[in-house]
Each structure stands twice: as C-alpha cells, then as structure tokens.
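The values are calculated or read from the model by the stated rules, or taken from the named source; none is laboratory data. Note that the structure is a prediction, hence the values are computed from the model and not measured. Don't worry about glycine lacking a Cβ; one is built from the backbone with ideal geometry, like all the others, and counts go over all protein chains shown.
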Ligand SMILES: *Cc1c(COP(=O)(O)O)cnc(C)c1O
C-alpha cells in the first residue's frame, strides 16, 4: 500500500494532527466534488426524475442497497445482505426487535458495560415499547461469555469498546450464543474500516454500524445493517416504513414487507449524504485490509510506547496487543482539560467521560511523523500543566 498517495485523497487542514477519524472521519477530496455534482447536476437538473435516473441513469432509489453491497465487501457480508439508511441508533432498535421476535419464548437481552450508551438506551426503549417483560442484562465485558445462558434471546455487543479499544472475539461469542439458542447482534461502529471483519465467517445473525467514523462519509452519514440471508424473510419489521414495503409505489393501505434486506429500509434515503458515502467508499476499493490493520497496530503501538515513556501521569486504558481496535486510550483525572489543551495545539483526539483520553489511528492519513509529534505535544501539555487554565477546564456541549 502506498500510504503517501492514500493520504492525498483526504482534505486535512494545515496545522492539524487528526487523531479522531474514529469519531468523524476527514473529508475525502472526491466527496466534495461528488456531492456538488449530485446537488447541481442531479437534484438541480433532474429534480424528481433523479429517483429513477440519478447517477448515470441508475436512480437514487437503488443507492441504499448498492452502497450496502459496497460496505458488505468490507465486512464479509454477501451481496443483498446489507442496506444503508437512518442512524445507528435506529438500526439497533430494528435488529433488536427482529431478534426478539425470532426468540418469542425468551426474555433476556445480554449486553456489556463497555457498550456505547445509545445501544443500551435503545434496548431500554424497545423493552418499554414492547411491554412483554424483557430484561436488559448488562455485565462486565470480560464476563459476557459466562453470562450467556439459555434464557438469553439475543446478545447485543459492540465488537470494539469505544472507550478502551478492547475487542471482543466475534466468532467465539457468536458460536457460544448459538450453542445456547440465542441470536447475536454485532455493532461494528468501531470495526468497519478499522480492521478485517468477516460477519459470514463469524456466522453473525445481525451486524450494524455507522459510516461517518472510519468509513469517512461525513457528519450525519447514514448507518448500515446486515441481516444473515436465511433470516431476512423471517423478519417482521417494527419500523414498517413505506420504502421497506414490497411495493412502495402501489400505495397499498397496509404493509407487506419487501423481499430480503429491502425490508430493513424505512423512509426516504438521504441522497446527498449517500453521494458522499459513495465517493468515500471508492477509497476502500484500493485498501488492503490486512496491510491497513498491520499499519494501524504499528502506529498505535508507537504512540503507546512513546506516551508510556514520556507521560508517566497517564494510565493506559487500552490493551497493548492485537486485541485492541484502531485506537489507544489513557486515563487522567483532568482528561477533559488535557484534551482541550492538546486540541488548542492542533492535535485533535477525543475525551470520553469520566477520564478517558482517546486517540484514533487511521493509517489512511496518519503516519509516524504525526504520531511522534502528538506524543511530544501531549508530553509538553502534561509536564508544564498547560491544561490547568480556565479556557481548557470549562466543558463544551460536545466532548
Ligand atoms: C458512534 C456509535 C453510535 C452512534 O449512533 P448514531 O445513531 O449514529 O448517533 C452507536 N453505537 C456505537 C457503538 C457507536 O460507536
């Protein structure tokens, strides 16, 4: 892989070291042009005809499944098993509801305390909406395997812990869930585009994820959902929107689910955002995933070693081995202020409450020189207590 050439495919502002591609990926140069064309040539000229003829005659209406197939190639999902739309929170609700209906005699949803809160919140909301006495059981990440028993209807797990980077073994936990008659949902928010994923080899029942993190499709870009082919036609969708209908333009008075993955669609697709996603996915056609993963481990290892040496006040929060995702995290009592001071120096990472400093390593646009400079900035912020100033201590709405 030619990393220098790859980097040229992203717009990165001068003076910024961007270690936050795991929260919001940077702008692919081609995405700006692609969105402009979609606005001016398609929306502007085609108007409503674009649904049938947008993008070289193909039609916007087909984009959610066409782009779903493109994402499918990155996560080991077969053609026709992935569709794009809505946000990840919505997709959690859809697949969780589908799974519970496939296990009508069971009442337990099993998740872990490392899961991203919205996944747990959506489970709580679904439980209250169903009103059938389901229970959300949340255990420590290391206790998931022992907590899977015959009462569990479905496991709802995020493969990579958003705070620490700790990675679950998808294949073994899925096999364990299946041994106990449960279904497995995998949230790939911090996996898709970060490392090799094979939902087919892992035999995952459902997989979901977002496209604005490692896939770089932009703020508010839609989520994706994969349903294992043999389950698709057994799903009775809770969010029975018209575009998941078998014949949306028949305008039937009542709902009939569409074939296969189509039924996971809900309403009108976000065409401009899909145009950005399409351009962002072009980059992935040229990425060798094993090489990307090897380089990501190399860079995050280099950062981990540098920080361990120069910043003794930071406590490692990530596993320092192959079980870590494409990020490195440390704990510090004043983590928020430290990150603000670092951002003021142009090194952008994340703070995650209560005390986590999180740095994402995305080899598509980060190399050794950025890693070394980031270590050095962080060491200076800490040794001079640069963070201990009012402008860094005051919290903003989005951390
Ligand atoms: C980023 C992330 C989300 C975000 O959900 P949205 O509905 O897209 O805001 C959900 N779950 C996980 C695990 C995430 O990492």
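Among helices (runs of 4 or more DSSP H) entirely within segment 84-158, having at least 3 residues that are within 14 Å of the ligand (Cβ to nearest atom) and surrounded by 19 or more Cβ atoms within 10 Å (Cβ to Cβ) singles out 88-102, 117-130. Inspect segment 240-262 for any residue being at pLDDT 95 or above and either under 18 Å from the mean Cα position of the chain (by Cα) or within 16 Å of the ligand (Cβ to nearest atom) (or both) and give the result as yes or no. So far as segment 240-262 goes, no, none of its residues is at pLDDT 95 or above and either under 18 Å from the mean Cα position of the chain (by Cα) or within 16 Å of the ligand (Cβ to nearest atom) (or both). For segment 210-239, the set of residues classified as more than 16 Å from the ligand (Cβ to nearest atom) and loosely packed, with under 15 Cβ neighbours inside 10 Å consists of 230, 233, 234, 236, listed by residue number. When each of 44, 50, 80 is tested for being more than 16 Å from the ligand (Cβ to nearest atom), surrounded by fewer than 21 Cβ atoms within 10 Å (Cβ to Cβ) and not in a helix (DSSP H, G or I), the lone residue that passes is 80. The residues of segment 241-267 that are in a loop (DSSP other than H, G, I, E, B), touching a residue at least 24 places away in the same chain (Cβ under 8 Å) and in contact with a strand residue (DSSP E or B) (Cβ under 9 Å, 6 or more places away or on another chain), listed by number, are 265, 266, 267.
Segment 314-399 holds helices (runs of 4 or more DSSP H) entirely within its bounds, and those carrying 1 or more residues that are under 25 Å from the mean Cα position of the chain (by Cα) map to 335-344, 368-383. The set of residues in segment 15-37 being over 19 Å from residue 366 (Cβ atoms) and free of Cβ contacts under 8 Å to residues at least 40 places away in the same chain consists of 32, 36. Among residues of segment 177-200 being assigned to a helix (DSSP H, G or I) and surrounded by fewer than 17 Cβ atoms within 10 Å (Cβ to Cβ), the one that is nearest to the ligand (Cβ to nearest atom) is 178.
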